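Novice: Sending over a structure as structure tokens; questions will come in a sec.
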Amino acid sequence: MNVEIDHLGIAVRSLEEALGFYEGVLGMAASGRETVEAEQVNVAMLPAGSGAGASRIELLEATGEGSPIAKFVEKRGPGLHHVALRVDDLAGATERLRQAGARLLNEPRAGAGGHAYVFVHPASAGGVLLELIQK
Ligand code: ZN
């Protein structure tokens with residue numbers, strides 16, 4: 001199975017504030033912003049590298065108090081929220097995880113950018129919330 005780092009998800013209190021650093025100071029440029037209702041987050045994607053396959057930084061801001069990101073920030077403060085790996089066969093990868101007894105947090109569904117994704121519980125992934133995303 002071919003696996004690449006797609007993005008690193010960082011939970012922030014405010015997209016504007018975080019973009020002030022990532023764009024204003026580091027000089028990165030957000031390629032897009034969107035709201036993912038299913039996850040209750042506002043997302044800004046910042047490519048790190050060039051070309052279509054570039055890895056990205058994904059800034060995540062809660063849309064409301066019930067958002068998982070709001071709970072994360074409340075409990076642990078802003079910080080690294082998840083690591084996302086891009087796979088060429090998400091359905092196959094999901095099946096392998098299931099057979100291995102890994103704890104999946106959702107059925108594959110469409111997220112930011114319309115790409116299908118599934119979250120794997122940190123208990124199954126070395127203590128890191130892992131997102132697998134269809135290439
Ligand atoms: Zn993500």
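Novice: Can you tell which of 93, 52, 84 shows the greatest fluctuation in a Gaussian network model of the chain with Cα springs below 10 Å?
Specialist: The residue with the greatest mean-square fluctuation here is 52.
Novice: On to the next question. Got a sec to turn the phi values of the range 68-82 into Karplus ³J(HN,Hα) couplings, 6.51 cos²θ - 1.76 cosθ + 1.60 with θ = phi - 60°, whole Hz, x for Gly and Pro?
Specialist: With the stated coefficients, the range 68-82 comes to x, 5, 4, 5, 4, 5, 5, 7, 10, x, x, x, 4, 9, 7 Hz.
Novice: Further, regarding this structure: With runs of 4+ DSSP H residues as the only contributors, calculate the mean residue ellipticity of the chain at 222 nm using -39,500 (n - 2.57) per run, divided by the residue total and rounded to the nearest 500.
Specialist: Using -39500 (n - 2.57) per qualifying helix, the result is -5500 deg cm²/dmol.
Novice: Determine the distance separating the Cα centre of the range 76-135 from the Cα centre of the range 1-33; give it in Å without decimals.
Specialist: Computed from Cα coordinates, the inter-centre distance equals 19 Å.
Novice: A follow-up question, please. Find, among the trypsin sites (Lys or Arg not before Pro) in the range 7-95, those assigned to loop by DSSP (not H, G, I, E, B) with at most 16 other beta-carbon atoms within 10 angstrom.
Specialist: 13
Novice: Nearest 10 degrees is fine. How inclined is helix 90-99 to the longest principal axis of the chain, computing both from alpha carbons?
Specialist: 60
Novice: Karplus couplings for the range 120-127 from phi (6.51 cos²θ - 1.76 cosθ + 1.60, θ = phi - 60°), rounded to Hz, Gly and Pro as x?
Specialist: Here the 3J(HN,Hα) series is 10, 4, x, 4, 9, 9, x, x Hz.
Novice: Taking the Cα centre of the range 19-67 as the origin and placing charges on Cβ (Lys, Arg +1; Asp, Glu -1), which of 50, 67, 30 is farthest toward the positive end of the dipole?
Specialist: Farthest towards the positive end: 50.
Novice: In nm, to one decimal, how far is the residue 36 label point from the residue 21 one, both placed 7 Å along Cα→Cβ?
Specialist: Between residue 36 and residue 21, the simple spin-label model gives 2.1 nm.
Here, each number is a calculation from the coordinates, and none is a lab measurement. Note that the structure is predicted; figures quoted are calculated from it, not measured. Ideal geometry is used to build each Cβ from the backbone, glycine not excepted, and the neighbour counts take in all protein chains shown.
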